[in-house]
Amino acid sequence: MSTVHSEARHKASRPWRVFKLSRLFGSEKFQLWASGVPILKRFAKAEGEAIFDLVMGFVSSQVLWALVELRVLHSLVDGPLTAVQVASDNSLSEERAEILMNGAVALGLIKIKSKGFYVLSRKGASLLGVPGLTDVIRHHAHFYRDMSNPIALLRDEVDTELSRFWPYVLNASNEAPAGVTENYSNLMATSQKLVARDTLKMVSFKSHWKVLDVGGGSGNFAIEVARKFAGVTLTVYDLPQVATSAQARLDGERMTGRISFHPGSFRDDLLPIGFDVITLIRVLYDHADLTVMALLKNAYNALPAGGRLIISEPMSGGDRPHRAGDIYFAFYTMAMRTGKARSPNQIAEMCRKVGFKSAFVPKAPRKFITSVVVSVK
């Protein structure tokens, strides 16, 4: 038999081998046997704990939400508390308050000290220190209700709360109500610092560049760029309804000399020209493919030869799925009923289709925060 045929036969046998192993590991008899073998016992225990983590994951997230909603972690910043004090502050029985606090201990967010006092752990303090994280956790109440029936969500049989919470995304035009656009921009702004800082670890800006930040909201990303790279001038491009809050933010940060605001809708208008770089920070994953392709073409037409398009947002893992992109953001965008988490390769290919000649993907320091694709015209 030839080498080629041998290799083909060997590869063809792999799925059968995987199938047989799966049946073996899935056997109750095998699991019982493995749990008693010293060498395998450790692995069986670790795997069992990991599986139970999956089972109780939703409950853990709900305990976290309750701690944030009741501001228990915030209260511990001021000093130790007993379960009695937590109960009194939050209209809980002492027994239920103790259950909540012990749950927080199990999550590693607080610690138990002597005489029944609870104190904030380093992990809990770090959670409070992440810009906007507690606001995002509180907002997850909408998402959790949408995930209460994931099969209906997968079948698109449910009118999701997130789709009603984010009508700005579904109708990002000049007619969007000011209150809706402001609500969206404020929530996004709370976590934008993390995204901006990780993005700027992956890309740099030359001092003479002019940058157009499309969908830039109140200017959070532009401000971070201006702080890090002297000489760069920036323009924030977003809906007219965002102009007031954006201008107030730029005035407060004393950035009006380096950052300007240009009102417009990338769905309805051509992007302004005269810029070396266009940035799309957490924009594409909010939208469907047709909208994204139109926006990318709009950006391509606005840039000069050699101009750069920088895309930064949470992305899926493609052929190597990971938890942040392929669980959290994939289902979040599904619940929004528009957009989706795309892999860096998918985004790079979309950029090539509209005319960009090259694209590269810097190594992301924290994929659960953001990944980056840079395309060159």
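All of the numbers you see were taken from the coordinates with simple rules; none came from a lab. All of these numbers come straight from a predicted model, not from anything done at the bench. Backbone-built Cβ (ideal geometry, glycine too); neighbour counts: all protein chains shown.
Centroid-to-centroid, using Cα positions, the stretch 313-343 and the stretch 108-143 are 26 Å apart. When the trypsin sites (Lys or Arg not before Pro) in the stretch 331-364 are filtered for DSSP coil states and for at most 12 other beta-carbon atoms within 10 Å of their beta-carbon, the remaining sites are LYS357, LYS363. For the pair ASP78 and ASP251, label points projected 7 Å from Cα toward Cβ lie 3.4 nm apart. Remark: spin-label model distance VAL136-SER93 equals 3.6 nm, labels positioned 7 Å along the Cα→Cβ axis. Taking the fewest neighbouring Cβ atoms within 10 Å as the starting point, the ordered list for GLU224, GLU313, GLU95 is GLU95, GLU224, GLU313. Arranged from fewest to most other beta-carbon atoms within 10 Å of their beta carbon, TYR237, TYR332 become TYR332, TYR237. Net charge in the neighbourhood of ALA335 (other residues with Cβ under 14 Å of its Cβ; Lys, Arg +1, Asp, Glu -1) is -1.
Using the Cβ-Cβ distance between VAL376 and LYS297 with R0 set to 25 Å, the FRET efficiency works out to roughly 0.95. In terms of other Cβ atoms within 10 Å, PHE52, PHE229, PHE275 run from fewest to most in the order PHE52, PHE229, PHE275. Beta bridges assigned by DSSP with both partners in the stretch 262-377 are antiparallel in approximately 65 percent of cases. Count Lys and Arg as plus one, Asp and Glu as minus one, and take only other residues whose Cβ is under 14 Å from that of ALA87; the net charge is then -3. Mind checking which aspartates and glutamates have their C-alpha under 14 Å from LYS206, skipping anything on the same chain fewer than 8 residues away? LYS206 reaches ASP276. Applying 1/(1 + (r/R0)^6) with r as the Cβ-Cβ distance of LYS193 and ALA66 and R0 = 30 angstrom yields a FRET efficiency of 0.70. Segment SER114..ARG352, full-extension length gain: 79.5 nm, with 0.36 nm per residue of separation and the alpha-carbon distance subtracted. Cross-link check: pairs LYS228/LYS340; LYS123/LYS228; LYS228/LYS363; LYS123/LYS193 evaluated at a Cα-Cα cut-off of 26 Å; pairs beyond the cut-off: LYS228/LYS340; LYS123/LYS228.
Under the simplified labelling scheme, the PHE229-ALA152 pair shows an inter-label distance of 4.7 nm, with each label point 7 Å from Cα along Cα→Cβ. Calculated FRET efficiency, ILE51 to PHE360, Cβ-Cβ distance, R0 = 30 Å: about 0.20 to the nearest 0.05.
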